[in-house]
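Below: the structure, in structure tokens.
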Amino acid sequence: VPYRDIFDHKGPLLYFIYALATLVSEKSFIGVWIIECAAASVFSVYSWKIAKLYTVPSKFSIVLMPLFLGVVYTCKMFNFGGNTEELCFPLLTVVLYLVLKAIVVSDGLPGKKEALICGIISGALFWLKYTFLGFMIGVCLYILCLSVKRKNYARLWSLIWRFLAGFMIVTTPLVLYYLVNGALGYLWEAYFYDNIFLYYRDTETIAIFSIPVIKNIAIPIHSIFASIVMFPSFGVMLFFTLLSMVFIGKEHRKKTFILFFMTLALSAGFIFTRRVFIYYYAYILYYCFGFALIPFIRLWNKAEEVFKDNRSFIRGLLSFSLIIVFALTIFLGKNKYLIFQPKMFLAQYRMAETINQTPDAKVLTYDVMDAGFYTAAGIMPCNRYCADKMFGDSYPQLREEQDRLISEGYFDYIITSYFCEAEWDNYEMIQEEAIPYIDFTGEEILDAYKLYKRI
């Protein structure tokens with residue numbers, strides 16, 4: 001049971017998703033890859049639907065989608081995969097489309113079925129990473145303001161209770177699971193209390209980030225600009241998203257922009273709260289980049305108009321574009337150095353070979369974030385406090401338990417980073433492994449680990 005048996009701080013629903021992935025493969029992330037492909041498909045379809053609300057694509061303009069997805073998924077924020085942001089921004093895209101559709105083809109308020117879907121997605125977001133709810137708060141404020149302005153309180157109430165019903169569809173079985181296992185207290189402590197009050201925070205920061213109220217505006221703005229500088233493709237997508245507002249008809253532009261601004265501002269305000277910049281946080285904002293397709297669809301339609309008498313040119317341009325996009329996707333992908341590499345190229349699998357020589361081996365990753373060592377070896381952590389010190393000195397019991405168990409010789413193996421200076425009388429180092437990898441800045445770094453065995 002997460003939190004009770006294995007201590008961590010991620011959302012509980014994420015563990016159930018990964019448990020589903022292990023049904024495909026217990027010793028690799030193939031299952032996670034399949035889930036990510038499904039999420040990418042959802043994002044692709046609903047981004048295209050958003051663009052179609054405001055423009056009429058020609059039949060050949062679908063060629064823009066590989067380019068669009070190539071830009072999205074070669075951004076270096078998408079580091080090695082598996083982040084909650086990557087699973088969640090497609091869900092936000094679905095909600096954005098449902099509300100935009102109500103603006104364009106209805107009276108601006110979503111229907112009853114849409115309210116239920118939004119509630120289900122909100123429940124999933126809450127139990128995956130509740131800081132993502134800034135987007136949903138923006139959506140709810142938009143609906144609330146529009147309903148109050150029209151004095152349509154009966155409609156508002158019908159949307160509210162369906163929204164709450166959808167939220168409970170996700171929440172009820174999850175809470176029951178922890179209730180039946182006697183772990184509600186652990187859920188509250190790890191997922192809520194520890195994340196809110198104990199999660200490690202840097203003290204060194206820009207002076208303005210220490211001023212109450214102002215920091216709530218300054219930190220998100222600084223983080224968005226830092227993301228633009230570090231990841232130019234993010235800046236390009238944001239620029240064309242803002243530019244797309246010019247191409248939206250006047251009858252829908254005001255409501256569309258208000259919804260866009262409220263969701264973006266509150267999303268950024270909720271995710272960028274830490275004084276230290278986290279490179280992958282802005283990836284959740286990709287939910288709105290379906291707007292960026294609009295000017296390109298208009299441009300492509302214009303090109304087809306100009307060359308309407310030369311269909312072979314259009315087909316040739318389409319084929320050439322796809323070839324170029326495919327080549328660029330391979331070239332820009334930061335993990336291309338892993339293509340065609342056997343799994344033994346990775347330090348995790350080389351160490352797993354050693355670990356698997358001991359039946360039911362008990363393993364600890366010490367003073368280093370687990371980088372897939374448990375997965376590669378096909379084992380589970382054997383002690384509750386198996387994680388790295390993500391809470392710093394505010395959670396001393398984590399390291400105290402690890403040190404106590406090590407002194408008792410509880411573990412068969414201990415994995416540390418190469419630079420860890422810990423030495424133990426009852427363990428000897430038996431293996432060193434190093435592997436080059438490309439980090440989120442695009443720089444090549446040598447990652448190295450040491451494996452200790454109990455004497």
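The values are calculated or read from the model by the stated rules, or taken from the named source; none is laboratory data. All values reported here derive from a predicted model rather than from experimental measurement. All Cβ positions, glycine included, derive from the backbone under ideal geometry; neighbour counts span all protein chains shown. Each accessible area value is taken on the protein alone, full model and side chains, heavy atoms only, with ligands, DNA and RNA left out. Shrake-Rupley method; radii C 1.70, N 1.55, O 1.52, S 1.80 Å.
Miscellaneous remarks
- Only one of 32, 45 that is in a helix (DSSP H, G or I) and open to solvent by 60 Å² or more (accessible area, probe 1.4 Å): 45
- Being surrounded by 17 or more Cβ atoms within 10 Å (Cβ to Cβ), modelled with pLDDT of 95 or more and out of contact with any Cys (no Cβ under 9 Å at 6 or more places or on another chain) is a property that does not hold for residue 269.
- Residue ID - nearest to residue 3 (Cα to Cα), chosen from residues in region 353-370 that are without any contact (Cβ under 8 Å) to a residue 40 or more places away in the chain and not acidic (Asp, Glu): 369
- Cβ-Cβ under 6 Å pairs, at least 6 apart or on other chains, region 211-228 side within 9 Å of residue 272 (Cα to Cα), far side open to solvent by less than 20 Å² (accessible area, probe 1.4 Å) and aromatic (Phe, Trp, Tyr): 219/209; 219/272; 220/272; 223/272
- Within region 420-449, tally of residues that are farther than 23 Å from residue 337 by Cβ, open to solvent by less than 20 Å² (accessible area, probe 1.4 Å) and part of a strand (DSSP E or B): 1
- Test: residue in region 289-302 that is over 32 Å from the mean Cα position of the chain (by Cα) and surrounded by fewer than 17 Cβ atoms within 10 Å (Cβ to Cβ): yes
- Total residues in region 303-336, condition open to solvent by less than 90 Å² (accessible area, probe 1.4 Å), hydrophobic (A, V, I, L, M, F, W, C), assigned to a helix (DSSP H, G or I) and out of contact with any Ser or Thr (no Cβ under 6 Å at 6 or more places or on another chain): 11
- For the residues 184, 179, the requirement of being touching a helix residue (DSSP H, G or I) at 6+ places or on another chain (Cβ under 8 Å) and of a type in the set (A, V, I, L, M) singles out 184.
- Qualifying residue in region 105-124 (condition: part of a helix (DSSP H, G or I), touching a residue at least 24 places away in the same chain (Cβ under 8 Å) and closer than 30 Å to residue 334 by Cα): yes
- Flag if residue 76 is buried (at least 17 other Cβ atoms within 10 Å of the Cβ) and under 19 Å from residue 128 (Cβ atoms): no
- Meets criteria (of a type in the set (A, V, I, L, M, F, W, C) and either within 26 Å of residue 259 (Cβ to Cβ) or in contact with a Cys (Cβ under 7 Å, 6 or more places away or on another chain) (or both)) for residue 69: yes
- Scanning region 125-161 for residues that are open to solvent by 20 Å² or more (accessible area, probe 1.4 Å), in contact (Cβ under 8 Å) with a residue 40 or more places away in the chain, over 19 Å from the mean Cα position of the chain (by Cα) and closer than 30 Å to residue 194 by Cβ yields one hit, 141.
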